[in-house]
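Enquirer: If you scroll down you'll find the structure; I have some questions about it.
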Amino acid sequence: MMQRKTILVAPLNWGLGHATRCIPIINELIIHGFKVIIASDGQALLLLQKEFPKLESIELPSYDISYAKKGAHLKWKLFLKIPHILKTISGERKAISKLIAERSVQGIISDNRWGVQNKTIPSVFITHQINVLSGNTSKLTGKLQQKYINKFTTCWIPDLPGIKSLSGKLSYTDALKLNTQYIGPLSRMTKMKVKKKYDIIIILSGPEPQRTLLENKLLSEFKDDDRQTLLVRGVIEANEKTAHFDNITIVNYLTTDALSKAINASDLVIARSGYTTIMDLSILEKKAFFIPTPGQYEQIYLAKRLDQLGVTPHCAQEDFSVKSLSKITSYSGLKNIQTDLDFGKLFSLFHSK
C-alpha cells in the first residue's frame, strides 16, 4: 500500500481569518488521501485544534502581533516589531527543517507565514494580498511581501481575476517570478435554509485591543435596541460560554457548523471587513455592515471598495451608531461567486516529488 504523503498546513495567527479559510483546504486534503499536520500559534492554533481534534498539531514561533489603541499608530508599531518578525521567520525556518526531517513532511501550505517554506519540497503560499497596503509605504510593503512569496514554489490566490474579484487591487500584480493561481474564494461556510432566529449577528475577531474596543462600543450601542442580536466574540477558550442580556446573546466562539447556521438564521451581519469574512458572507449571500479595524489599510480599502460598488455600507469605528444600519436597504448585499475548483488538480504539485 502506498504511504500517504504528509502536508503541513500553517496559517498566520493574525485574527482568525487565516486559520478559518484553511479549514476547507484541510478537509479537501484529507478527502484526497493526505495526512495533515497543523502548525500555527495562539488563537489560530486553538481554533484549528478544536476543528480537527484528531490531527497532529505543532506550535510555531509567534509573530506576536497586536494593534495600537489609536489606528494612526498601528503602522509604526508594526515597523518597530520588524526585528522580532525577522527572528520569528528564522525560527519558523528552523522548525520546518526539523519537521521535514522528523515527520517526513512532503509538502507545505502556508497562509501568510513567510518562514514556513523549504526549497526541498513543494511549498505553497496562500494570500489575497500580493500588494500590502500601508499608506505612503505601500510600495515598500508590497515589494517585501513579493520578495518572500517568490521563495515559495507557487502562490494560491483565494479570489477570481477581473470584474468578479472580491479583493480588487490587493491581488493583482505582474511582479511575481513564480506561478500564481487564482483558486476562487475559500470559505468554511455553507448556505442553507433555516428559520430566522436573529435580526442581527455581530462577528468579532482580530488582535487586541481593537477587538475589545469594538465589542464594548457595540454592546453600548445595542443595549437599548429591541432587535434580537447575537454577538460572537471570536475568543477561543476551552469551553464555550454563553451570556444573555435582554435582547443580546453573547458567545465566545462557535464551531464552523454552529456559526454557519447562526449567520444563515440572521438578517444582517455586522463585522470587520477582513477578507475571509467577506468571502464567507459572499458564499452565504448576506447583507452586511462593515467596520474596518482602525489603521488597518487592507480592511479600510476593502470596506470602501464594496461601499463604492453598492454592495455593503461601512463606517469608521468611532462613527458607528445603530442609526448607521439604516443605510443597508439601498445596498445589494454580497453575492456568491461561483467557482469550479478541482482540488485534485490543485494538489497535484505534491505528487511531483
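The values are calculated or read from the model by the stated rules, or taken from the named source; none is laboratory data. These numbers come from a predicted model, not from an experiment. Every residue, glycine among them, receives a Cβ derived from its backbone with ideal geometry; neighbour counts consider all protein chains shown. Note: accessible area is taken over every heavy atom of the protein model, side chains too, but ligands, DNA and RNA are not part of it. Shrake-Rupley method; radii C 1.70, N 1.55, O 1.52, S 1.80 Å.
Enquirer: Please enumerate the residues belonging to the stretch 254-273 that are of a type outside the set (Val, Ile, Thr) and touching a residue at least 60 places away in the same chain (Cβ under 8 Å).
Expert: Across the stretch 254-273, the qualifying residues are Leu259, Ser260, Lys261, Ala262, Asn264, Ala265, Ser266, Asp267, Leu268, Ala271, Arg272.
Enquirer: For the stretch 29-65, which residues satisfy the criterion of being assigned to a strand (DSSP E or B), within 17 Å of the chain's Cα centre (by Cα) and surrounded by fewer than 17 Cβ atoms within 10 Å (Cβ to Cβ)?
Expert: Hits for the stretch 29-65: nothing passes.
Enquirer: Just need a number here: residues in the stretch 123-138 that are within 13 Å of Lys169 (Cα to Cα) and either over 18 Å from the mean Cα position of the chain (by Cα) or open to solvent by 30 Å² or more (accessible area, probe 1.4 Å) (or both).
Expert: The total comes to 4.
Enquirer: Filter the stretch 255-305 down to residues that are over 14 Å from the mean Cα position of the chain (by Cα), of a type in the set (Asp, Glu) and more than 28 Å from Val194 (Cβ to Cβ), then give me how many there are.
Expert: 0
Enquirer: Could you check Gly168 against (1) of a type outside the set (A, V, I, L, M, F, W, C); (2) open to solvent by less than 20 Å² (accessible area, probe 1.4 Å); (3) under 19 Å from Ile26 (Cβ atoms); (4) touching a residue at least 60 places away in the same chain (Cβ under 8 Å) and say which number it fails?
Expert: All conditions are met except number (3).
Enquirer: Across the stretch 211-239, what is the number of residues that are of a type in the set (Lys, Arg) and either assigned to a strand (DSSP E or B) or buried (at least 16 other Cβ atoms within 10 Å of the Cβ) (or both)?
Expert: Count: 2.
Enquirer: For the stretch 156-187, which residues satisfy the criterion of being assigned to a strand (DSSP E or B) and aromatic (Phe, Trp, Tyr)?
Expert: Trp156, Tyr182
Enquirer: So Lys304 fits all but one of (1) touching a Phe, Trp or Tyr at 6+ places or on another chain (Cβ under 9 Å); (2) assigned to a helix (DSSP H, G or I); what number is the exception?
Expert: With (1) touching a Phe, Trp or Tyr at 6+ places or on another chain (Cβ under 9 Å); (2) assigned to a helix (DSSP H, G or I) applied to Lys304, the lone miss is (1).
Enquirer: For the list (1) closer than 18 Å to Gly333 by Cβ; (2) part of a loop (DSSP other than H, G, I, E, B), I need the number of the one condition that Ile278 fails.
Expert: Ile278 satisfies all of (1) closer than 18 Å to Gly333 by Cβ; (2) part of a loop (DSSP other than H, G, I, E, B) except (2).
Enquirer: Restricting attention to the stretch 317-352, which residues are within 19 Å of Lys286 (Cβ to Cβ) and either among the polar types (S, T, N, Q) or surrounded by fewer than 10 Cβ atoms within 10 Å (Cβ to Cβ) (or both)?
Expert: Matches in the stretch 317-352: Ser324, Ser326, Thr329, Ser330, Ser332, Asn336, Gln338, Thr339.
Enquirer: Can you tell which of Ile26, Ile7, Ile82 is more than 20 Å from His128 (Cα to Cα) and either at pLDDT 85 or above or in contact with a helix residue (DSSP H, G or I) (Cβ under 7 Å, 6 or more places away or on another chain) (or both)?
Expert: From the options Ile26, Ile7, Ile82, the qualifying one is Ile7.
Enquirer: Could I ask something else about it? Which of the following residues is among the hydroxyl-bearing types (Ser, Thr, Tyr) and touching a residue at least 60 places away in the same chain (Cβ under 8 Å): Ser321, Ser326, Ser348?
Expert: So the residue among Ser321, Ser326, Ser348 that is among the hydroxyl-bearing types (Ser, Thr, Tyr) and touching a residue at least 60 places away in the same chain (Cβ under 8 Å) is Ser321.
Enquirer: Quick check on this structure: which one of Ala262, Ala243 is in a strand (DSSP E or B) and either open to solvent by less than 20 Å² (accessible area, probe 1.4 Å) or over 24 Å from Ser187 (Cα atoms) (or both)?
Expert: Just a single option satisfies the conditions, and that option is Ala243.
Enquirer: Give me the residue from the stretch 88-112 that is among the charged types (D, E, K, R) and in contact with a Ser or Thr (Cβ under 8 Å, 6 or more places away or on another chain) and, out of that set, least open to solvent (accessible area, probe 1.4 Å).
Expert: Only one residue fits best here, namely Asp111.
Enquirer: Taking the condition of being of a type outside the set (A, V, I, L, M) and open to solvent by 60 Å² or more (accessible area, probe 1.4 Å), how many residues in the stretch 182-210 meet it?
Expert: Here the count works out to 8.
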